[in-house]
Amino acid sequence: MGWLEAIVLGIVQGLTEFLPVSSSAHQLVVGQLFFSGHDPGSAFTAVTQLGTETAVLIYFWHDIVRIVKQWALSLVKKVPSSDPDARMGWFVIVGSLPIVVLGVLFQDTIDTTLRNLWITVAMLGGVGLVLGWADRIAAKNEPVPGAGRRQLSFKELKDLSWRDAIIFGLAQACALIPGVSRSGGTISGGLFMGYSRPAATRYAFLLAIPAVFGSGVYKLKDIGADACVAWGPTILATIIAGLVGYAVISWLLRYITTHSFTPFVIYRVGLAIVLAVLILTGYLNPQAPIVSGCVS
């Protein structure tokens, strides 16, 4: 991998990690274009996600420190276990278990078979429609202009329960399949359960921290194993992903307070159609070989 490719893939990772459009799908497609039909591999994707998750840590730093502090104090009985921040700490831990367990059990399948572009196409389109359905359910709870004030039934993070935390976690685990989108799956699950768009999105960001950092650190050992995916470009891509990702977090949290996810639904379905055409016409290889040795 060259420096230009690293810059482009870093930008792609930063732009798509937090939007419900699947960063892994975009890495797969853009990676093929740069690697002469090769897949840069799950290790590169996982490590560059360390950059975007660092952006989450920085953006939510005060919230995270407060949650960790209260959770730790609850362990030694210095704050009650019912404290909202202490409970959030447990909810993040419990919600992270599904993706950790499934990621370990199906690691080989995730790294190979599931990186087939036909699967990515199906997930882009299918989960896009699911997100649209969930968004319509959320829209039913919104006040109708000119129709007077209406009682809202949105749930917020203070309403999070053990059951909901597990469902959020299962929804996030679906993102092990390229094309699903970590944020898209988690947010859809939240909207189906009646959470507001900002609440579902905020929790999706917090829930991703343990899983993404765990996966990224674990995959560090696979970077530099060959001359094409080397440390230098990977570090550059990770830094760029973090900088771009921070800007995207700030924008998205403002956007969803007044807008729906419809544009992302349209984008996902449209991208799925375009990719299907490119595969059928031979421009993209549905099961591209993972980079192993330099490709000229």
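Quick note: the coordinates plus some simple rules give every number you see, no bench work behind them. These numbers come from a predicted model, not from an experiment. Using ideal geometry, Cβ is built from the backbone for each residue, glycine included, and neighbour counts are taken over all protein chains shown.
What FRET efficiency comes out for the pair W3/W90, r = Cβ-Cβ distance, R0 = 25 Å, nearest 0.05? Walk me through the numbers before you get to the answer.
Working: r = 43 Å, r/R0 = 1.72.
The value I calculate is 0.05.
List I137, I239 from most exposed to least, where exposure is judged by having the fewest other Cβ atoms within 10 Å. If you can, show how the numbers build up before the last one.
Values: I137 13, I239 17.
Final ranking by Cβ density, sparse to dense: I137, I239.
For the pair V277 and T113, how long in nm is the line joining their label points, each one 7 Å along Cα→Cβ?
Going from the V277 label point to the T113 one covers 3.2 nm.
Please list, in order along region 130-135, the HN-Hα scalar couplings obtained from phi with the Karplus expression 6.51 cos²θ - 1.76 cosθ + 1.60 (θ = phi - 60°), rounded to whole Hz, x for Gly and Pro.
5, 4, x, 5, 4, 5
What distance in nm separates the simple spin-label points at V100 and V79, each placed 7 Å from Cα in the Cβ direction?
Between V100 and V79, the label points sit 2.1 nm apart.
Along Cα→Cβ, 7 Å out, is where each label goes; now give me the distance between the ones at W133 and A72 in nm to one decimal.
4.3 nm
If packing is taken as the average number of other Cβ atoms within 10 Å across a peptide's residues, how do 5-17, 68-80, 124-136 rank, most packed first?
5-17, 124-136, 68-80
Near the amide H of Y195, under 5 Å away, which other amide H atoms are found, from residues 5 or more places off or on another chain, if H is placed in the peptide plane?
For Y195, whose amide H was placed from the backbone, the distant partners under 5 Å are K155.
How high is the FRET efficiency between S260 and E156 when r is their beta carbon distance and R₀ equals 22 Å, given to the nearest 0.05? Before the final figure, lay out each step's value.
Numbers: r = 18 Å, r/R0 = 0.83.
Once the sixth-power term is evaluated, E becomes 0.75.
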